[in-house]
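K.L.:
This is the structure I want to talk about, given as structure tokens.
The values are calculated or read from the model by the stated rules, or taken from the named source; none is laboratory data. Values in this document were obtained by computation on a predicted structure and should not be read as measured data. Virtual Cβ from ideal backbone geometry, glycine too; neighbours counted across all protein chains shown. Note: areas computed on protein heavy atoms with side chains; ligands, DNA, RNA excluded. Shrake-Rupley method; radii C 1.70, N 1.55, O 1.52, S 1.80 Å.
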Amino acid sequence: MHNDVTDDLIPTRQSLLTRLKDWDDKEGWQRFFDTYWKLIYAVAIKSGLTDAEAKDAVQETVLAVAKRMHDFKYDPALGSFKGWLFHLTRWKVGDQFRRRQRRLIRHAVAPEDTVRTATIERVPDPDSMNLEGLWEEEWRKNLMDAALQRIKRKVNAKDYQIFHFYVLKDWPVQEVVETLGVTSDQVYQAKSRLMPQLIKEVEYLEARML
């Protein structure tokens, strides 16, 4: 994993997309995988896939990107890379559900076996799930994580620790004071210093989205 991978989370640089057109660019493909696998996996898990199915969906999505990347042309007028990747992910998640359903049907012993039938009926319909909503939610989380990582590298450790507990974990001021051995003024000051920086970092990353 590369130390500066958070610089590519989630807004994708044009340079990375160009590199992905080269099948032999192992470093570029590793960066792509490091950047996006958690996003794809989280969406797959939240859609109802098992761990093994979600991992398969990740691998198959990455393979689909590899097969189609040579012909991919980034054109803002036609849509974003984010949207293109989402459609590939949605299809591969749907593939996993369809495979699960076929397995369940093959193992159904008889039509009157109500337990088996009920299980089959509980297989989600990929088209009915709000995968786009899950995708947006996880995309925002990854974007926020990237912004926080950028801030963490720029501020002193104590300020970030205060911000982490008080703002991100929503601890009461007194609990932060007692846990970290700081004053309430330090807690408020850390928030006032870092919150504008967080907003700026999120805006910076959003501006770089493809």
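K.L.:
Going by the conditions given, is ARG99 at pLDDT 55 or above and surrounded by fewer than 14 Cβ atoms within 10 Å (Cβ to Cβ)?
P.N.:
Values: at pLDDT 55 or above: yes; surrounded by fewer than 14 Cβ atoms within 10 Å (Cβ to Cβ): yes.
In short, yes.
K.L.:
If you check LYS152, LYS158, which single one turns out to be open to solvent by 30 Å² or more (accessible area, probe 1.4 Å) and in contact (Cβ under 8 Å) with a residue 24 or more places away in the chain? Please lay out each step first, then the result.
P.N.:
Values: LYS152 fails: in contact (Cβ under 8 Å) with a residue 24 or more places away in the chain.
The match here is LYS158.
K.L.:
May I ask you to list the residues in the stretch 27-58 that are modelled with pLDDT under 90 and surrounded by fewer than 12 Cβ atoms within 10 Å (Cβ to Cβ)?
P.N.:
GLU27
K.L.:
Moving on. Considering only residues that are open to solvent by less than 70 Å² (accessible area, probe 1.4 Å), part of a loop (DSSP other than H, G, I, E, B) and modelled with pLDDT of 95 or more, which ones fall in the stretch 182-208?
P.N.:
Within the stretch 182-208, just VAL182 meets the criteria.
K.L.:
ASP159: of a type outside the set (A, V, I, L, M, F, W, C), assigned to a helix (DSSP H, G or I), modelled with pLDDT of 90 or more and out of contact with any helix residue (DSSP H, G or I) (no Cβ under 9 Å at 6 or more places or on another chain), yes or no?
P.N.:
On the way: of a type outside the set (A, V, I, L, M, F, W, C): yes; assigned to a helix (DSSP H, G or I): yes; modelled with pLDDT of 90 or more: yes; out of contact with any helix residue (DSSP H, G or I) (no Cβ under 9 Å at 6 or more places or on another chain): no.
It is false that ASP159 is of a type outside the set (A, V, I, L, M, F, W, C), assigned to a helix (DSSP H, G or I), modelled with pLDDT of 90 or more and out of contact with any helix residue (DSSP H, G or I) (no Cβ under 9 Å at 6 or more places or on another chain).
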